[in-house]
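Working notes for the structure below.
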Amino acid sequence: MLFSLARPALFLLDGEDAHRLTIAGLRLMPASSPPRSDPVLAMRVAGIDFPTPVGLAPGFDKNAEAPHAMFGFGFGFVEIGTVTPLPQAGNPRPRLFRLAEDRAVINRMGFNNDGADAVVARLKAGQGRKGIIGVNIGANKDSADRIADYAVMTRTMAPLARYLTVNISSPNTPGLRALQDAGALAALLDAVIEARGTNTCPVFLKLAPDLEAADIDDITRIAIDKALDALIVSNTTISRPALRSRHAGEAGGLSARINRGLKTLLQRDGFATLAEAVGTG
Ligand SMILES: Cc1cc2nc3c(=O)[nH]c(=O)nc-3n(C[C@H](O)[C@H](O)[C@H](O)COP(=O)(O)O)c2cc1C
């Protein structure tokens, strides 16, 4: 009900302003408990008991400003981020576009975030509260050594996160998705696993939907080889299905029900291999 009342007002604002206002409002709300575990919905992944499989994807609360308020909306987990070692402003505005007719969004935010120190302080302040908070980590755009950035972020966030997501699938940091290439990916994951040390925080890998079947095979093989805990499918797509909105030509990642890239590919070519490889059938 709250949403149906607020939606028309929020739609009068630019998308990013509406988002900021929403976060500001959520910061004023009391922390909520996660939903009670329902035996039909509860699931265990990587040793984590999720009360429901529906969680909040990163990009909504990039800076861990209100993760505990979000549990009150029924989310079984909240993934914050993407967080980079240093704060960064991201791309110039406008960088978030509503494609209302297509029930879609295009964004090219570019990892705007407050940086690791600020996010660590907020996560520490919330420690002890209930709810699964995952931390999605990335590299600074101007970093001279992106793999080192992921290692630093792993070291910093593993003690505070219920799980870590290595995000190499954003289309809005030039060159980032090249880390999905087999050689770079193996080196990246070695660095992350070494940085995790004796901490047992599960590590997930978030993929782009715009991969070829051969890439999926490589990534699957490496993920198993490095004993990763899960793959997250998927980030926004750079493909453009038929869209009606005037913003359809904007650069960035498209998210919507029509973001079918990897999901379709998994069903068509890769899923059998993936399912067989992880042994879940
Ligand atoms: C405005 C916006 C910002 C996002 N920022 C991030 C981000 O910082 N890190 C990340 O891994 N994914 C980010 N995402 C991607 C979402 O987490 C999610 O993977 C994507 O929207 C799923 O696409 P779908 O809705 O088409 O399934 C962002 C998405 C949007 C719309």
Carbon + sulfur, % of accessible area of the range 30-278 - ligands and nucleic acids excluded, 1.4 Å | 53
In Å and whole numbers, how far do the C-alpha atoms of the chain stretch along each principal axis, longest first?
-> 49, 46, 45
Would you rank LYS141, LYS124, LYS226 by solvent-accessible area, highest first, keeping every protein chain in place and using a 1.4 Å probe?
-> LYS124, LYS141, LYS226
For THR82, THR156, what's the largest-to-smallest order of accessible area, 1.4 Å probe?
-> THR156, THR82
Relative contact order (percent) for the chain, with alpha-carbon contacts under 8 angstrom and 6 or more residues of separation?
-> 15
Set LYS62/LYS226; LYS141/LYS226; LYS62/LYS124, cut-off 19 Å on Cα-Cα distance; pairs above it are LYS62/LYS226; LYS141/LYS226
Result for the chain: accessible area per residue, probe 1.4 angstrom, in square angstrom, of 50
Ratio of the range 89-243's C-alpha Rg to 2.2 N^0.38 Å, to two decimals?
-> 1.08
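The values are calculated or read from the model by the stated rules, or taken from the named source; none is laboratory data. Given the structure is predicted, the values throughout are model-derived calculations rather than measurements. To get the accessible areas, we keep the full protein, side chains included, count just its heavy atoms, and leave off ligands, DNA and RNA. Shrake-Rupley method; radii C 1.70, N 1.55, O 1.52, S 1.80 Å.
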